[in-house]
1. Considering segment 201-260 alone, what residues qualify as being in a strand (DSSP E or B), surrounded by fewer than 20 Cβ atoms within 10 Å (Cβ to Cβ) and not polar (S, T, N, Q)?
2. Report yes if some residue within segment 165-180 is under 21 Å from PRO102 (Cα atoms), surrounded by 22 or more Cβ atoms within 10 Å (Cβ to Cβ) and touching a Ser or Thr at 6+ places or on another chain (Cβ under 6 Å); otherwise report no.
3. Tell me which residues, restricted to segment 143-188, are assigned to a loop (DSSP other than H, G, I, E, B), among the polar types (S, T, N, Q) and out of contact with any strand residue (DSSP E or B) (no Cβ under 6 Å at 6 or more places or on another chain).
4. Do we find a residue being part of a loop (DSSP other than H, G, I, E, B) and crowded, with 21+ Cβ neighbours inside 10 Å anywhere in segment 123-142?
5. Counting just the residues of segment 339-396 that are farther than 30 Å from LEU209 by Cβ and hydroxyl-bearing (Ser, Thr, Tyr), which one comes out surrounded by the fewest Cβ atoms within 10 Å (Cβ to Cβ)?
6. Output the residues belonging to segment 348-370 that are among the polar types (S, T, N, Q) and within 16 Å of PHE468 (Cβ to Cβ).
7. Among (1) at pLDDT 95 or above; (2) surrounded by 21 or more Cβ atoms within 10 Å (Cβ to Cβ), which single condition is THR475 missing?
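The values are calculated or read from the model by the stated rules, or taken from the named source; none is laboratory data. If you're wondering where the values come from, they're calculated on a predicted model, not measured in any experiment. With ideal geometry, Cβ positions are generated from the backbone for all residues, glycine too; neighbour counts draw on all protein chains shown.
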Amino acid sequence: MSPVNKELPRAASPEEVGVSSALTEQFLHYIKEQNLEFHSFMVIRHGKIAVEWYNEPYAADTSHSMYSVSKTFSATAIGFAVSEGLLSLDDKVLDFFPEYKPRIKSPYFDKLTVRTLITMTAGKQTNMLEDKSKIDWVEDYINSPWVFEPGTQYLYVNENIYMLCAIIHRVAKMSVLDYLTPRLFEPLGIERPFWETDQKGVEAGGWGLYIKTMDLAKLMTCYLHDGKYKNKQVLPKEWVKEATVNQLGNIKMPSKDKDCCAGYGYCLWMDDTEPYSYRADGMFSQFGINFPSLDATIVSTAAIPCEDEARAAIWAFFPAAFADEQGNSVEVDTSTVNRPVASRHSVTESRLIGKTIKVRKKILLNIIGMPVSMLPLAVTFMMSDRAGNIDNIKFNFGDHECEMTWDEGDERNTVCCGMDGRYRYGTMTLGKIKFKVCANAEWIDDINLKVMVRPVETIGMRSLNFLFRRNDKVTITPSSTPSTYKIVDTLAITFSEIIKNPLLSKICQKAIRLAPSLAEPKHYGKIV
């Protein structure tokens, strides 16, 4: 018997399935002109892939950090558990963890249920800056402060969804990945993905999942078609029906963004762009958008801090591009490439042969738990085990490339950096996670070397500018993409919507906007 093909079929042209290739081409030009860093973009209609685009070095066979899109997978696991009778949405959270006793008793615990977790109405507020490598995540959640009675207000808290994963571990007696493998991943033809965990092996739930663009497309088309994939029922039909509609009732969402206040299902956001549309949504503009009335799905990965801008770009061309009566097809240019710059050599290279650059630690960054890493700031911020404190840097220069070796904690890595206008690909392990990377380096002048390392499964790039001064002194200036300044601007807006007190809101916004200079300061070292 031949194996069942679990891949989504491809349309001969976008027009075959009612997608305008002309508007799609305009969209791809638009995001380039507006400097919007999309990494991939896929359009599926009537069950076929109409458009598939990747922005090099991102590719179809490379997983990508999904951030809060991870929540949709966690909620899907809960859907299976409900359908199998392992739990109900009205079960009390504390009943799953009898060994944990709250430090402060509260009648609110009787109202803290699986339903309030999955709809973000739990009423708990955790510490976003907590060093998760040093705490028991379940205990920390249970003892985090109440900000309202469960089920009465909406507050988006990542750890609500971590608790769902912890519950799956209890009722299924296995990990969420193990639980989903025969139920979701195998039926959809998804390779077992990587998912960050706590120290006990429980998946982070609200973040930390790495999957391919195609994997998200498969899940979203499965939701679009009432849980069916290739005419086989994969997801429980009743769960899909409930998950994809607003479950908040009369509870208002605090955001002023029309895309973030139309309602919330089971870890799916409602949209008012098109009737009954909804989306899986992750930080930095990871999207899986379904348009049921048009039988269409859009999937994208990106590194765009302001998700409003990313969604606005999509809405400018979609769903307008969906129409069953189309004109002639035009060739869609999917060859967008970001090539590195070819570099010359510098006389400074001879000063670095066999030498090591010792870097002074930044005390403040270590106190707040955010030492500078070769990983971009946007990546380390969400990691449960943060890397950091780059030290013992060595360079080895060749004709067309250079190797950079460095330490972070007890991990030592070497990456090869192209200097001839071509990336070099390799791996590095930081925070106990192995990352695929591409890297390049260039001499800006004889004493300024810029090294750029992009973990291609994440949303960002780390740049380090080395200024080689007299007396073997070195100044290292770190920066990231997405820009730290853009990230904090987005965070400031978010906090202004959450914090109701005008004075406190202004203080928080000002404090947040000081973050870039604090989080990525110049570092100083010496060649020894």
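1. Correct list: TYR210, LYS228, LYS232.
2. yes
3. Pass one, segment 143-188, residues assigned to a loop (DSSP other than H, G, I, E, B): 143-145, 147-157, 173-175.
Adding the requirement that they be among the polar types (S, T, N, Q) leaves 143-144, 152-153, 175.
Of everything in segment 143-188, those that are assigned to a loop (DSSP other than H, G, I, E, B), among the polar types (S, T, N, Q) and out of contact with any strand residue (DSSP E or B) (no Cβ under 6 Å at 6 or more places or on another chain) turn out to be ASN143, THR152, GLN153, SER175.
4. Here is the first cut: in segment 123-142, the residues part of a loop (DSSP other than H, G, I, E, B) are 123, 125-131, 135-136.
Filter once more, keeping what is crowded, with 21+ Cβ neighbours inside 10 Å: 123.
Yes, the conditions are met somewhere in segment 123-142.
5. Once the filter is applied, the top-ranked residue is SER350.
6. Of the residues in segment 348-370, the ones among the polar types (S, T, N, Q) are 348, 350, 356, 366.
Correct list: THR348, SER350, THR356.
7. (2)
Residue-wise test of (1) among the acidic types (Asp, Glu); (2) crowded, with 20+ Cβ neighbours inside 10 Å; (3) in a helix (DSSP H, G or I); (4) not assigned by TED's automatic domain parsing to the domain that holds PHE322.
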| site | (1), (2), (3), (4) |
| --- | --- |
| GLU16 | yes, no, yes, no |
| THR24 | no, yes, yes, no |
| PHE27 | no, yes, yes, no |
| ILE31 | no, yes, yes, no |
| LEU36 | no, no, no, no |
| SER40 | no, yes, no, no |
| VAL51 | no, yes, no, no |
